[in-house]
1. Relative contact order of the stretch 316-366: what whole-number percent is it, with Cα pairs under 8 angstrom and at least 6 residues apart?
2. Which value in nm describes the separation of the simple spin-label points at Gln357 and Met115, placed 7 Å from the Cα toward the beta carbon?
3. Exceeding 25 Å between C-alpha atoms, which entries from my cross-link table qualify? They are Lys141/Lys178; Lys111/Lys178; Lys107/Lys230; Lys339/Lys367; Lys141/Lys212.
4. What are the radius of gyration and Dmax of the stretch 103-220, computed over its Cα atoms and given in Å?
Amino acid sequence: MGLLDKLFGEFVDVIDWTDDSNNTMVYRFERHGNEIKYGAKLTVRDSQVAIFVNEGEIADVIKPGMYELETKNLPILSTLQSWGHAFESPFKAEVYFCNTHQFVDLKWGTKNPIMIRDAEFGGVRLRAFGTYAIRIDDAAKFMREIVGTDGHFTTEEISDQLRNLIISRFTTIAGASKIPILDMAANYDQFGEFLTEKIAPEFEEYGLRLTKILVENISLPASVEEALDKRTSMGMIGNLDDYLKYESAEALGSGQVSSAMDMGMGFAMANKMADSLNSPSTSNTSETNKSTTENTPPAAAAPPPPLPATAPEVVWHVAINEQATGPHDLTAIKALIGKGDIKATTLVWSEGMTDWQEASTIDTIAKLIPPTL
């Protein structure tokens with residue numbers, strides 16, 4: 001190998017870049033101080049753009065494809081270097097590869113609650129978070145506005161700025177959307193589309209395209225959520241009187257009531273609350289009571305309570321001539337004793353007895369039987 005071959009062998013003759021990361025946006029091709037050989041092969045893959053920079057100035061932007069680097073493929077760089085038509089010597093230029101695929105699952109969220117006005121609840125504080133996706137739309141603008149001379153630019157270096165941009169616009173956009181707080185959960189998709197449409201133009205100033213914003217959650221402070229839960233519970237209870245009675249009965253049936261007093265207090269409270277809800281207005285109470293007292297006749301005396309029920313009379317079945325007769329009340333029993341049909345050894349039976357017994361063993365009947373029988 002001659003000296004010239006050795007020298008020219010150190011020149012870069014293949015320029016390409018494969019990315020195995022998911023967060024690299026711009027990568028500067030490392031030449032290790034070597035020049036680029038005239039006629040070198042340049043490969044720009046799909047979802048890539050190659051940018052040639054000469055002395056800090058963007059010279060050419062190369063789209064996907066395979067190229068042999070010569071003056072006709074680098075017209076601006078050729079003009080900057082004042083190359084002639086017969087140029088065949090190596091040249092120096094920085095080569096940057098820009099990833100133009102989508103960068104997804106980038107996080108955004110409010111660090112502190114933001115205040116917005118809601119038609120139903122008035123001023124409320126809420127938090128929100130989600131994800132968004134971007135892609136490089138104008139590589140030259142992105143290089144000039146954001147990257148500069150950074151040789152390995154990742155999403156982490158710009159995500160904070162983009163997240164702050166989203167959050168700073170979120171309050172205004174959320175208020176302008178006129179979507180009630182309680183309806184936002186059912187409109188996350190529409191809300192995300194609305195945010196994307198409104199914020200996308202500001203991303204374009206950086207050479208980026210905001211392809212999607214996803215709203216994953218919008219939440220209220222814990223105390224407000226607790227109040228909403230109580231409000232929802234009251235709506236599900238319905239009739240308060242029936243609910244309290246049901247709860248008292250459930251507690252009694254499951255053994256959770258500690259005493260009869262607890263149950264009584266529950267029923268008393270239910271009745272009292274029901275009466276208070278159904279009572280008419282008490283304005284001008286003193287005048288109304290006075291008028292009622294003057295015009296209402298004295299109330300009639302309360303009727304006495306009903307007499308207590310008497311116990312049913314006991315009746316008996318009597319075995320006479322080996323046949324069961326009856327039932328007989330006590331008067332009939334006396335008559336049978338007088339006729340001699342019932343004696344001390346006569347078998348009798350009444351409801352509640354397990355078997356027939358002699359009349360002498362039944363006190364009620366035995367005292368009616370004369371000793372001679």
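The numbers here are math on the coordinates, done by the rules we state, and not lab data. None of the values given here were measured: they were computed from a predicted structure. Because the Cβ atoms are built from the backbone with ideal geometry, glycine has one as well, and the counts that use them run over all protein chains shown.
1. 32 percent
2. Spacing of the two 7 Å Cα→Cβ label points: 9.0 nm.
3. Lys141/Lys178; Lys107/Lys230
4. Rg then Dmax for the stretch 103-220, in Å: 15.4, 52.
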